[in-house]
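Below is one structure; the comments refer to it alone.
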Amino acid sequence: MHRGYIFMKYFSDKYQSLIVCLLFSAVLCLIPSAVRAVELQGNASDRQFSFAEALLAEGDYYRAITEFKRFVFFFPKDVLVEKSTFRIAESYYQAKRWSEAVDAFSAFSTKYPQSLMTVNALYFKGLAEKELKRYKNALLTFQEIISAKSKYYTDKAIYQSALVLIEMGEWQRSMQTFSLVPQGSPLSSSAHILSSGLERMDETSRKNHPLWPVHWLPSFLAQAIFIHSDTGMPLLLSS
């Protein structure tokens with residue numbers, strides 16, 4: 001009886017050890033599969049993002065919007081979700097869907113207030129608001145950039161504020177704002193030309209045409225504004 005008990009106990013211990021070994025081996029076999037699954041998901045997200053980027057680069061903005069939204073939906077934890085969210089707003093802007101662009105850039109700024117692209121989003125939101133003739137909103141948006149003292153966008157925000165003031169017919173304020181563009185800025189020369197043109201026009205209109213509407217602009221000034229409006233998307237986000 002005692003020998004039988006010892007045999008049964010020995011057999012039970014060996015059986016349990018065998019089960020443990022088999023389970024451990026099964027877990028080891030599953031690990032590569034799990035890693036492979038993660039790799040496959042990563043490859044899928046990369047392909048999806050690259051596809052959306054290609055559509056944007058080709059100017060197929062509406063399909064790009066759809067594909068970036070698809071990326072955000074299917075890969076919500078991917079590191080490229082932030083950039084995809086910005087790209088959605090950018091695609092709206094490039095498609096000249098100004099109202100949707102304003103909403104999308106606003107949503108980006110709210111969701112990613114600390115992002116390096118937030119200032120970019122504010123700048124193009126302001127440009128879209130200007131296109132919609134929401135001048136007061138545009139001025140507030142550009143002022144937000146100026147207050148943040150952005151290294152790359154402060155001079156542009158000042159310059160665009162001056163252009164908005166021209167469209168509002170506030171020439172004096174526009175001239176004052178143009179004078180705030182830093183001397184070292186690539187926009188300083190354009191700002192000086194436009195400010196000087198406004199000053200001459202203001203003097204001429206007061207002397208010779210006091211009844212001219214204040215929002216009237218001669219063709220050469222309108223052309224200068226178009227040439228120097230600086231509405232392209234930032235090159236640093238093209239890569």
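Each value in this text was obtained by applying a stated rule to the coordinates, not by laboratory testing. Source: prediction; values computed, not measured. As a convention, Cβ positions derive from the backbone with ideal geometry for all residues, glycine included, and neighbour counts pool all protein chains shown.
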Scoring only Lys, Arg, Asp and Glu (+1, +1, -1, -1) among other residues with Cβ under 10 Å from the Cβ of Tyr135 yields +1
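If you wrap a convex hull around the C-alpha atoms of the stretch 70-166 and split its volume per residue, what is the figure in Å³? Intermediate values should be presented prior to the final figure.
Values: hull volume 8.7 nm³, N = 97.
Output value, Cα hull per residue: 90 Å³.
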Stretched out fully, how many nm does the piece from Ser179 to Ser106 gain, at 0.36 nm a residue minus the Cα gap? 23.4 nm
Ranked from highest to lowest mean number of other Cβ atoms within 10 Å per residue, what is the order of the peptides 70-82, 122-134? 122-134, 70-82
Step through the residues of the stretch 188-201 one at a time and calculate ³J(HN,Hα) from phi using the Karplus curve (6.51 cos²θ - 1.76 cosθ + 1.60, θ = phi - 60°), rounding each to whole Hz and writing x for Gly and Pro. 5, 5, 4, 4, 5, 4, 5, 5, 5, x, 4, 5, 5, 5
The extension gain from Leu116 to Gln172, computed as 0.36 nm times the residue separation minus the Cα-Cα distance, is 16.7 nm
Across Lys125/Lys156; Lys96/Lys133; Lys96/Lys130; Lys69/Lys149, pairs whose alpha-carbon gap is larger than 20 Å: Lys69/Lys149
